[in-house]
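Down below is the structure, laid out as structure tokens.
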Amino acid sequence: MGQEFKEVRESADILIVGGGIAGLVAAVSAKEKNPDASVIVVEKQVCGYGGKANKGGGVLQYFDLEHMKPEDFVEYHAHAVGCYLGDQETMKKYVAMNNEMIDRLEGWGVVIPKVKMPTGPMTFMFGIDLDSCIKMTAQCRKNGVKLFDKVTVSDLLTDNGKIAGAVGYSLLDGTFYVFQAKAVMLATGSQNYRVSEMWSNGRGDGIAAAYRAGAEMRNAEFGNFGQLFQKESFHECVFGENNMYNKLGENVTKNFRRFSESDISATAIREWYEQMSEGKGPIYLHIPKRGGAGGGGPMGDARPYGQAFWSLQNLGEEEMDQENEVVPGLVGEQSPIRVDGDMAASIPGLFAAGDSCYCGSGAPGAVPAPPGRNRGSGILNAVFAGIVGGESMAEFVKTAADVNVCEEQVAKLKADAYQPLNLEEGVTAVDVIDIVQEIMCPCENSIIMSQHRLDICLRKLEKAKALLGKIKANDFHEMLGAHEAEAMVLSCEMHLKAASMRHESRGWFLREDFPLMDNENWLKWIIVKNVDGEMTLTTEDVPIDKYPVKPLGPHS
């Protein structure tokens, strides 16, 4: 017999899973739209300190709507970034709400210095202080949102094909929680495979819960964001793609980029791979300084919370060696939960926001979640999805019928959650994670791919899948790690199978064996869904006929 733990029952109109910027914005927006709705936010760490918005440079994308129209950016983005795979209507809505979103954040107490830094055609960045989630948490409490910290949601509850709530457990004492709710939002972040430090808190647990419940996934193959890192220190080389040289002293940036850009493209990783394959590596950056994590410059001066953090971490600008060897590193950013323009998923009552559904929304097209090719849109997209999704949930629960919790389902999900803790012997979560990282981390498996290598990766993944159900945990944190390892295996399988299916190169997605974009056969979204325990993949035509921006030709 396994251990028995205390059980707590909670109910609300709206349950939001994830206390990062997307979840907190959604909670505040839902309460402002429908003050009578009861709202719960559950965070596996601590609300105000979870998520990614407070762990990096902290920048917001900004569009100068006085001098441009949303349609202008949609046209640029479709041609140069999303490569026609994007939902142009959602992208237009995102751009049009730019000023409103920034005004609402400031109204909730978030500090946004109004110093614009250009980042590309029609786009700028504003800095945002790293206490933004702390400010939003305070606003949640002010609005009457109920917060649960150190509680992880493991699975969703359903009632006759619609959402009925979720279950989870405390990381402190193992208390089992049953949350009954008419609407549930997953704001749990993307899958980052626990590699790169700044993004490593994206564990894909919400993505896995949605998949198990039968929700559709979209664009899972676009979860392959990589970046150049210094080989010795593993510091990120932001903007380093503009200054790449091989061991012969040849500037190789000119092979894939005609002019300096402020965003990141998979073509830089492909160039590194090709130069190394030709024996012309290592690859170096020849630049005078490495940009810090946002602490220096005019954007940093008006962010006191961030300045205190950066001074403790010594992350200001520092001298970089003139010949600094770089290697590609996987970040991941798989974000495939499919949502519509209201952030509603394919199961009635289920919603998603932020990096759990960025690619699944279709808005960015053929790139991973930010900062794939749209710098500064990571936080702002989370705010956008939080506002839209929060207001959609607020309207949904006004007319939604009461839901019932199936006790048989609760008992099964409870047993599944505690299973790693009840094993007498087994493998560790790290044993499984190591296999997945060995598959996903090499750029030739996740960024510049071929069917031969994808097939090898799928065979290797079977070793990890065979270990699922055998992961033993000694405490609640290891139990969480076991479930995160399961989510990593699932995300890896979705990536490999969807990548095998897409026979073309488009945007961030590159195939050696299919090097051209194929608008005649592959202007399609790949949909992944759990059907009776089997991963099924189908395609859906992008409705390009109803969008204003069309492809220029079959391969462009």
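The values are calculated or read from the model by the stated rules, or taken from the named source; none is laboratory data. Just so it is clear, the structure is predicted and the values come from calculations on it, not from any experiment. Every residue, glycine among them, receives a Cβ derived from its backbone with ideal geometry; neighbour counts consider all protein chains shown. For the accessible areas, the whole protein counts, side chains as well, though only heavy atoms, and no ligand, DNA or RNA atoms are used. Shrake-Rupley method; radii C 1.70, N 1.55, O 1.52, S 1.80 Å.
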Checklist entry - Which residues, counting only those in the stretch 502-556, are acidic (Asp, Glu), in contact with a strand residue (DSSP E or B) (Cβ under 7 Å, 6 or more places away or on another chain) and farther than 23 Å from Ala215 by Cα? => result Glu504, Glu512
Next on the checklist: On the basis of being closer than 22 Å to Trp199 by Cβ, in contact with a Gly (Cβ under 7 Å, 6 or more places away or on another chain) and of a type in the set (Ser, Thr, Tyr), does Ser356 make the cut?
Outcome noted: yes
Checklist entry - Taking the stretch 200-221, which residues are surrounded by fewer than 24 Cβ atoms within 10 Å (Cβ to Cβ) and not in a helix (DSSP H, G or I)? => result Ser200, Asn201, Gly214, Glu216
Checklist entry - Of the residues Leu147, Leu156, which single one is in a strand (DSSP E or B), modelled with pLDDT of 95 or more and surrounded by 24 or more Cβ atoms within 10 Å (Cβ to Cβ)? => result Leu156
Item to check | Top-ranked residue of the stretch 222-279 - restricted to ones that are under 21 Å from Met449 (Cβ atoms) and small (Gly, Ala, Ser), ranked as most open to solvent (accessible area, probe 1.4 Å) | outcome: Ser277
Item to check | So Ala27, is it in contact (Cβ under 8 Å) with a residue 12 or more places away in the chain and buried (at least 24 other Cβ atoms within 10 Å of the Cβ) | outcome: yes
Checklist entry - Does the stretch 365-377 include one or more residues that are buried (at least 23 other Cβ atoms within 10 Å of the Cβ) and in a helix (DSSP H, G or I)? => result yes
Checklist entry - What pairs come up if the first residue lies in the stretch 266-278 and is in a helix (DSSP H, G or I), the second is small (Gly, Ala, Ser) and open to solvent by less than 30 Å² (accessible area, probe 1.4 Å), and their beta carbons are under 7 Å apart, counting only those six or more places apart or on different chains? => result Ile269/Gly226; Gln275/Gly281
Checklist entry - Restricting the stretch 458-483 to residues that are crowded, with 20+ Cβ neighbours inside 10 Å and touching a strand residue (DSSP E or B) at 6+ places or on another chain (Cβ under 9 Å), which is nearest to Glu221 (Cα to Cα)? => result His483
Checklist entry - Within the stretch 38-131, which strands (runs of 3 or more DSSP E) (wholly inside it) include 3 or more residues that are open to solvent by less than 60 Å² (accessible area, probe 1.4 Å) and at pLDDT 95 or above? => result 39-42
Item to check | Count - residues of the stretch 461-492 that are under 30 Å from Ser505 (Cβ atoms) and out of contact with any Asp or Glu (no Cβ under 7 Å at 6 or more places or on another chain) | outcome: 9
Checklist entry - What is the residue count in the stretch 450-508 for residues that are outside any loop (DSSP other than H, G, I, E, B) and closer than 18 Å to Val436 by Cβ? => result 38
